[in-house]
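What follows is a set of notes on a single structure, which appears directly below.
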Amino acid sequence: QVQLVESGGGLVQAGGSLRLSCAASGRTFSSYAMGWFRQAPGKEREIVAAINRRGSNSYYADSVKGRFTITRDNTKNTVHLQMNSQKYEDAAVYYCAAGLTDALSTWYGRYDYWGQGTQITVSS
(Lines give C-alpha, C1' and ligand atoms only; values in the text may rest on other atoms or scores of the structure.)
Protein backbone atom coordinates (compact mmCIF):
# COMPACT_ATOMS: atom_id res chain seq x y z
CA GLN A 1 0.00 0.00 0.00
CA VAL A 2 1.26 3.45 -0.95
CA GLN A 3 -0.27 6.72 0.09
CA LEU A 4 0.48 9.80 -1.95
CA VAL A 5 0.08 13.39 -0.81
CA GLU A 6 0.52 16.26 -3.23
CA SER A 7 1.46 19.79 -2.24
CA GLY A 8 2.51 23.02 -3.87
CA GLY A 9 -0.57 23.81 -5.88
CA GLY A 10 -2.27 27.16 -5.98
CA LEU A 11 -2.50 30.33 -7.98
CA VAL A 12 0.23 31.27 -10.42
CA GLN A 13 0.49 34.05 -12.96
CA ALA A 14 0.83 33.22 -16.60
CA GLY A 15 4.52 32.94 -17.35
CA GLY A 16 5.31 32.13 -13.75
CA SER A 17 6.62 29.02 -12.04
CA LEU A 18 5.31 26.56 -9.53
CA ARG A 19 6.72 23.38 -8.04
CA LEU A 20 4.54 20.45 -7.11
CA SER A 21 5.67 17.84 -4.66
CA CYS A 22 4.33 14.39 -3.94
CA ALA A 23 5.27 12.59 -0.76
CA ALA A 24 4.84 8.82 -0.66
CA SER A 25 4.44 6.63 2.36
CA GLY A 26 5.94 3.18 2.65
CA ARG A 27 9.39 1.73 2.23
CA THR A 28 9.07 0.56 -1.36
CA PHE A 29 8.89 3.91 -3.14
CA SER A 30 11.81 3.00 -5.38
CA SER A 31 9.78 0.07 -6.75
CA TYR A 32 7.28 2.41 -8.34
CA ALA A 33 7.31 4.38 -11.51
CA MET A 34 5.74 7.78 -10.87
CA GLY A 35 3.59 9.99 -12.96
CA TRP A 36 1.89 13.36 -12.88
CA PHE A 37 -1.51 13.63 -14.52
CA ARG A 38 -3.90 16.51 -14.78
CA GLN A 39 -7.57 16.99 -15.41
CA ALA A 40 -9.25 20.20 -16.40
CA PRO A 41 -13.02 20.72 -16.13
CA GLY A 42 -14.85 18.90 -18.88
CA LYS A 43 -11.71 17.17 -20.09
CA GLU A 44 -10.25 13.73 -19.65
CA ARG A 45 -7.36 13.03 -17.34
CA GLU A 46 -4.11 13.31 -19.25
CA ILE A 47 -0.51 12.43 -18.64
CA VAL A 48 1.78 15.37 -17.95
CA ALA A 49 5.06 13.67 -17.08
CA ALA A 50 6.35 10.33 -15.89
CA ILE A 51 9.58 8.94 -14.53
CA ASN A 52 10.81 5.41 -14.13
CA ARG A 53 11.57 3.99 -10.74
CA ARG A 54 15.29 4.64 -10.95
CA GLY A 55 14.86 8.18 -12.19
CA SER A 56 16.93 7.42 -15.28
CA ASN A 57 14.17 7.93 -17.84
CA SER A 58 11.38 10.45 -18.11
CA TYR A 59 8.52 11.34 -20.41
CA TYR A 60 6.75 14.64 -21.08
CA ALA A 61 3.57 15.43 -22.89
CA ASP A 62 4.20 17.60 -25.92
CA SER A 63 2.21 20.41 -24.34
CA VAL A 64 4.66 20.73 -21.44
CA LYS A 65 7.93 19.65 -23.01
CA GLY A 66 10.66 22.17 -22.35
CA ARG A 67 8.66 23.86 -19.58
CA PHE A 68 8.08 21.13 -16.98
CA THR A 69 10.61 18.88 -15.28
CA ILE A 70 9.89 15.74 -13.29
CA THR A 71 12.38 14.53 -10.72
CA ARG A 72 12.36 12.04 -7.89
CA ASP A 73 14.35 11.44 -4.74
CA ASN A 74 14.15 7.82 -3.68
CA THR A 75 15.93 8.59 -0.41
CA LYS A 76 13.13 10.97 0.56
CA ASN A 77 10.21 9.16 -1.09
CA THR A 78 9.30 12.23 -3.08
CA VAL A 79 8.63 13.19 -6.66
CA HIS A 80 8.49 16.75 -7.92
CA LEU A 81 7.12 18.57 -10.91
CA GLN A 82 8.79 21.88 -11.66
CA MET A 83 6.49 23.92 -13.84
CA ASN A 84 7.88 26.98 -15.61
CA SER A 85 6.42 29.40 -18.14
CA GLN A 86 2.91 28.56 -17.03
CA LYS A 87 0.15 28.91 -19.58
CA TYR A 88 -3.59 29.32 -19.08
CA GLU A 89 -4.11 25.84 -20.47
CA ASP A 90 -2.03 24.40 -17.62
CA ALA A 91 -4.84 25.13 -15.19
CA ALA A 92 -6.20 21.84 -13.87
CA VAL A 93 -6.19 19.48 -10.93
CA TYR A 94 -2.84 17.73 -10.87
CA TYR A 95 -2.53 14.19 -9.58
CA CYS A 96 0.49 12.24 -8.51
CA ALA A 97 0.37 8.51 -9.27
CA ALA A 98 2.48 5.45 -8.51
CA GLY A 99 2.67 2.31 -10.61
CA LEU A 100 4.39 -0.92 -9.66
CA THR A 101 6.44 -1.21 -12.81
CA ASP A 102 10.08 -0.84 -13.77
CA ALA A 103 9.44 1.27 -16.86
CA LEU A 104 7.50 4.50 -16.87
CA SER A 105 4.01 4.48 -18.30
CA THR A 106 1.85 7.14 -19.94
CA TRP A 107 -1.36 5.18 -19.46
CA TYR A 108 -3.37 6.05 -16.37
CA GLY A 109 -4.54 2.45 -16.07
CA ARG A 110 -1.02 1.31 -15.31
CA TYR A 111 -0.92 3.28 -12.08
CA ASP A 112 -1.99 1.64 -8.86
CA TYR A 113 -2.12 4.51 -6.40
CA TRP A 114 -3.25 8.11 -6.71
CA GLY A 115 -3.01 11.22 -4.64
CA GLN A 116 -5.99 13.39 -3.85
CA GLY A 117 -5.01 16.02 -6.38
CA THR A 118 -3.95 19.64 -6.11
CA GLN A 119 -5.47 22.56 -7.97
CA ILE A 120 -3.43 24.79 -10.24
CA THR A 121 -5.02 28.07 -11.30
CA VAL A 122 -3.31 30.31 -13.83
CA SER A 123 -4.14 34.00 -13.74
CA SER A 124 -3.33 36.93 -15.98
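General remarks:
- Based on protein heavy atoms only, the chain ends up with 51 Å² per residue of surface accessible to a 1.4 Å probe.
- Using the Karplus relation 6.51 cos²θ - 1.76 cosθ + 1.60 with θ = phi - 60°, the per-residue 3J(HN,Hα) values for the stretch 77-86 come to 6, 10, 9, 10, 10, 8, 10, 10, 6, 4 Hz, with x marking Gly and Pro.
- Remark on the chain: hydrodynamic radius 14.1 angstrom, per the Kirkwood mean of 1/r across alpha carbon pairs.
- Model label sites at Lys76 and Tyr88, defined 7 Å from Cα along the beta-carbon direction, differ in position by 3.5 nm.
- Listed by chain and number, the lysines placed with their C-alpha closer than 29 angstrom to that of Lys43 are Lys65, Lys87; residues fewer than eight positions away on the same chain are left out.
- Choice from Thr75, Thr28, Thr101 showing the highest fluctuation, given a GNM over the chain with Cα pairs closer than 10 Å: Thr75
- Total charge dipole magnitude, the chain, about the Cα centre, Cβ charges on Lys, Arg, Asp, Glu only, Debye to nearest 20: 240 debye
- Dmax and Rg, reported as Rg then Dmax, of the stretch 77-124 (C-alpha, Å): 12.9, 40
- Site pair Trp107 and Arg19 shows an inter-label distance of 3.4 nm when each label is modelled 7 Å from Cα along Cα→Cβ.
- GNM top mover of Leu11, Leu104, Leu81 - the chain, alpha-carbon springs below 10 Å: Leu11
- Fully extended contour minus Cα-Cα distance, from Arg54 to Gln39, at 0.36 nm per residue: 2.8 nm
- Loop-located chymotrypsin sites (Phe, Trp or Tyr not before Pro) across the stretch 71-123 with a Cβ neighbour count of 13 or fewer within 10 Å are Trp107, with loop assigned by DSSP.
- Share of carbon and sulfur in the accessible heavy-atom surface of the chain [1.4 Å probe, %]: 46 percent
The values are calculated or read from the model by the stated rules, or taken from the named source; none is laboratory data. Quantities reported herein were computed from a predicted structural model and do not represent experimental measurements. Don't worry about glycine lacking a Cβ; one is built from the backbone with ideal geometry, like all the others, and counts go over all protein chains shown. The area values use the complete protein model at the heavy-atom level, side chains included, leaving out ligands, DNA and RNA. Shrake-Rupley method; radii C 1.70, N 1.55, O 1.52, S 1.80 Å.
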